[in-house]
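To start, the structure itself, in structure tokens.
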Amino acid sequence: MDIQIVEIPNVKNANGNIGIIENDVVPFDIKRVYYLYDVPSSAKRGGHAHKNLQQLLVPLSGSFDVVLKDGLDEVTVTLNKPDKGLFINSNTWRELENFSSGAVCMVIASQEYTEEDYIRDYDQFLEYIKTNK
Ligand code: T46
């Protein structure tokens, strides 16, 4: 599975903490930042893969689960610490679920938004990775 837990550099002291993400924290040039918030606990996000996009997911607040599939294996990663992000490479199916109240998922991305980069059908994803790995 082409994923990795990334330790986010931080400065901590008695007055609170600061997490710092510069380009060297991720293996790509940062082109976009977006965030998911006010997600109902029953909602599922994701349900797709990206052909080229690489991303780092950071749980700024609260917690949620990320279910990852690469056509062979399935892994669930719980994100609940703002100093630990999840790098997800392209060609990885992801589903996000079990959002806690107040959870915020910040996403650092390697490309600007384009719908052409998405594979939203799981069978098409399996076909795609057979020919593009
Ligand atoms: C992922 C999870 C964590 C835009 O117009 N611009 C954007 O930058 C984004 C991310 C989305 N949109 C539009 C496209 C769709 O009409 O917002 C709508 C929902 O987008 P999407 O299906 O990408 O939303 P999520 O939350 O299911 O998935 C997103 C990322 O795409 C995905 O890669 O890992 O957040």
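The values are calculated or read from the model by the stated rules, or taken from the named source; none is laboratory data. This one's a predicted model, so the numbers in the text were calculated from it and none came from an experiment. FYI the Cβ positions are ideal-geometry reconstructions off the backbone, even for glycines, and counts take in every protein chain you see.
A few remarks follow.
- Residue match in the stretch 97-110 (condition: modelled with pLDDT of 95 or more, touching a Lys or Arg at 6+ places or on another chain (Cβ under 7 Å), more than 13 Å from Gly62 (Cβ to Cβ) and polar (S, T, N, Q)): yes
- Scanning the stretch 71-90 for residues that are within 21 Å of Leu53 (Cβ to Cβ), assigned to a loop (DSSP other than H, G, I, E, B) and of a type outside the set (S, T, N, Q) returns Gly71, Leu72, Asp73.
- Subset tally (residues that are farther than 17 Å from Thr78 by Cβ and outside any loop (DSSP other than H, G, I, E, B)) for the stretch 1-15: 4
- Scanning the stretch 91-118 for residues that are small (Gly, Ala, Ser), touching a residue at least 60 places away in the same chain (Cβ under 8 Å) and in a loop (DSSP other than H, G, I, E, B) yields Ser101, Ala103, Ser110.
- Against the test of being within 15 Å of the ligand (Cβ to nearest atom) and more than 14 Å from the chain's Cα centre (by Cα), the options Phe87, Phe125 yield a single qualifying residue, Phe125.
- Candidate set from the stretch 45-73 (those that are surrounded by 13 or more Cβ atoms within 10 Å (Cβ to Cβ) and charged (D, E, K, R)); member that is nearest to Val6 (Cα to Cα): Asp65
- Residue satisfying condition, being closer than 26 Å to Asp24 by Cα and among the aromatic types (Phe, Trp, Tyr), within set Tyr122, Tyr128, Tyr113: Tyr113
- Residue selected from the stretch 16-62 under the condition at pLDDT 95 or above, under 13 Å from the mean Cα position of the chain (by Cα) and not in a strand (DSSP E or B), by the criterion farthest from the ligand (Cβ to nearest atom): Gln54
- Residue within the stretch 34-44 that is out of contact with any Leu (no Cβ under 9 Å at 6 or more places or on another chain), of a type in the set (Phe, Trp, Tyr) and under 30 Å from Asn132 (Cα atoms) present: yes
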